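J.: Input: one structure, supplied below.
The values are calculated or read from the model by the stated rules, or taken from the named source; none is laboratory data. Because the structure is predicted, anything quoted here is derived from the model rather than measured. Glycine also receives a Cβ, built like all others from the backbone with ideal geometry; neighbour counts cover every protein chain displayed.
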Amino acid sequence: MEPRPARLSRTYMTDLVLPPDTNQFGTIFGGKVMAYIDKIAAISAMRHARQRVVTASSDSLDFLAPIRVGQAIHLEAFVTYAHKTSMEVFVKVLAENLLTGETVITARSYLTFVAIDEEGRPVEVPPVLPETEEEKAHYESAPRRREQRLARRQAASQGEFPMP
């Protein structure tokens with residue numbers, strides 16, 4: 001298969017954080033952010049594979065700063081690496097003060113998706129072609145994350161819960 005540039009999977013999403021989206025502190029619920037992350041990552045993976053996809057894992061989700069009611073939540077995702085039938089997707093979440101234009105990175109996450117056919121069987125995906133420095137950095141570090149992911153998965157299947 002011909003490699004596909006990572007830029008073709010880039011996906012952006014923006015929404016306004018309203019009171020029903022927030023907790024008693026006026027900041028967005030973590031679960032709401034997680035749902036946005038899973039959705040945008042799935043879209044990015046589908047753009048890369050041009051296939052149906054399912055979430056296989058969420059390797060990490062680091063909350064770095066709160067997003068407050070009245071701010072915009074802005075997400076950016078792209079496929080960083082592909083291996084046979086799976087794809088790693090990086091998601092960056094920002095908060096934007098719509099009155100000042102100030103933005104702050106509020107979360108980062110890596111997820112893995114598997115491309116599937118109509119019967120739910122895994123199908124091959126094209127390799128990723130990184131072009132920018134950011135894409136190259138994620139691409140080059142992806143095999144290490146994949147090894148860690150596979151080791152965690154193996155340990156979990158044996159009833160173990162290893163520390164990272």
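J.: Within segment 88-101, is there a residue that is in contact (Cβ under 8 Å) with a residue 24 or more places away in the chain, closer than 19 Å to Ile37 by Cβ and more than 15 Å from the chain's Cα centre (by Cα)? Outline the logic, then answer.
T.: Our first condition is that a residue be in contact (Cβ under 8 Å) with a residue 24 or more places away in the chain; within segment 88-101, this holds for 88-91, 93, 95-98.
The next check asks that each one be closer than 19 Å to Ile37 by Cβ; those that pass are 88-91, 93, 95-96.
Checking which are more than 15 Å from the chain's Cα centre (by Cα) leaves us with 95-96.
Scanning segment 88-101, I find at least one residue that is in contact (Cβ under 8 Å) with a residue 24 or more places away in the chain, closer than 19 Å to Ile37 by Cβ and more than 15 Å from the chain's Cα centre (by Cα), so the answer is yes.
J.: Which members of segment 35-75 meet the condition of being part of a strand (DSSP E or B), over 14 Å from Met87 (Cα atoms) and among the hydroxyl-bearing types (Ser, Thr, Tyr)?
T.: First, the residues of segment 35-75 that are part of a strand (DSSP E or B): 52-63, 68, 72-75.
Now restrict to residues that are over 14 Å from Met87 (Cα atoms): 60-63, 68, 72-75.
Result: Ser60, single match.
J.: Given Thr100, Thr106, which one is in a strand (DSSP E or B) and of a type in the set (S, T, N, Q)?
T.: On the way: Thr100 fails: in a strand (DSSP E or B).
Testing whether each residue is in a strand (DSSP E or B) and of a type in the set (S, T, N, Q) leaves just Thr106.
J.: Let me ask something else about it. Would you check which residues across segment 106-144 are within 30 Å of Ala65 (Cα to Cα), among the charged types (D, E, K, R) and at pLDDT 95 or above and list them?
T.: Result: Arg108, Glu131, Glu133, Glu134, Glu135, Lys136, Glu140.
J.: Of all residues in segment 29-54, how many are within 11 Å of the chain's Cα centre (by Cα), surrounded by 15 or more Cβ atoms within 10 Å (Cβ to Cβ) and more than 15 Å from Glu76 (Cβ to Cβ)?
T.: Final tally of qualifying residues: 1.
J.: A follow-up question, please. Within segment 74-119, track down each residue that is among the small types (Gly, Ala, Ser) and under 28 Å from Glu140 (Cβ atoms).
T.: So in segment 74-119, the residues among the small types (Gly, Ala, Ser) come out as 77, 82, 86, 95, 101, 107, 109, 115.
Hits for segment 74-119 are Ala77, Ala82, Ser86, Ala107, Ser109, Ala115.
J.: Quick check, is Glu147 farther than 17 Å from Thr55 by Cα and either part of a strand (DSSP E or B) or modelled with pLDDT under 95 (or both)?
T.: Values: farther than 17 Å from Thr55 by Cα: yes; either part of a strand (DSSP E or B) or modelled with pLDDT under 95 (or both): yes.
It is true that Glu147 is farther than 17 Å from Thr55 by Cα and either part of a strand (DSSP E or B) or modelled with pLDDT under 95 (or both).
J.: Further question on the same structure: Can you tell me which of Arg121, Arg108, Arg145 is in contact with a Lys or Arg (Cβ under 8 Å, 6 or more places away or on another chain) and either on the phi < 0 side of the Ramachandran plot or surrounded by 12 or more Cβ atoms within 10 Å (Cβ to Cβ) (or both)? Can you show your working first?
T.: Working: Arg121 fails: in contact with a Lys or Arg (Cβ under 8 Å, 6 or more places away or on another chain); Arg145 fails: in contact with a Lys or Arg (Cβ under 8 Å, 6 or more places away or on another chain).
Unique residue meeting the criteria: Arg108.
J.: Residue check: is Arg153 touching a residue at least 12 places away in the same chain (Cβ under 8 Å), over 21 Å from Thr27 (Cα atoms) and among the charged types (D, E, K, R)? Before you say what the answer is, go through the steps one by one.
T.: Details: touching a residue at least 12 places away in the same chain (Cβ under 8 Å): yes; over 21 Å from Thr27 (Cα atoms): yes; among the charged types (D, E, K, R): yes.
Answer is yes for this residue.
J.: Further question on the same structure: Would you be able to say whether some residue in segment 12-31 is in a strand (DSSP E or B) and within 25 Å of Ile116 (Cα to Cα)? Walk me through it before giving the result.
T.: Within segment 12-31, the first condition is being in a strand (DSSP E or B), and the residues that meet it are 12-16, 22, 27-28.
If we keep only those that are within 25 Å of Ile116 (Cα to Cα) too, we end up with 12-13.
Scanning segment 12-31 turns up at least one residue that is in a strand (DSSP E or B) and within 25 Å of Ile116 (Cα to Cα).
J.: Give me the pairs, please: first residue somewhere in segment 14-31 and of a type in the set (Asp, Glu), second residue anywhere and outside any loop (DSSP other than H, G, I, E, B), beta-carbon distance under 6 Å, and either six or more positions apart or on two chains.
T.: Correct list of pairs: Asp15/Ile73; Asp21/Ile28; Asp21/Lys32.
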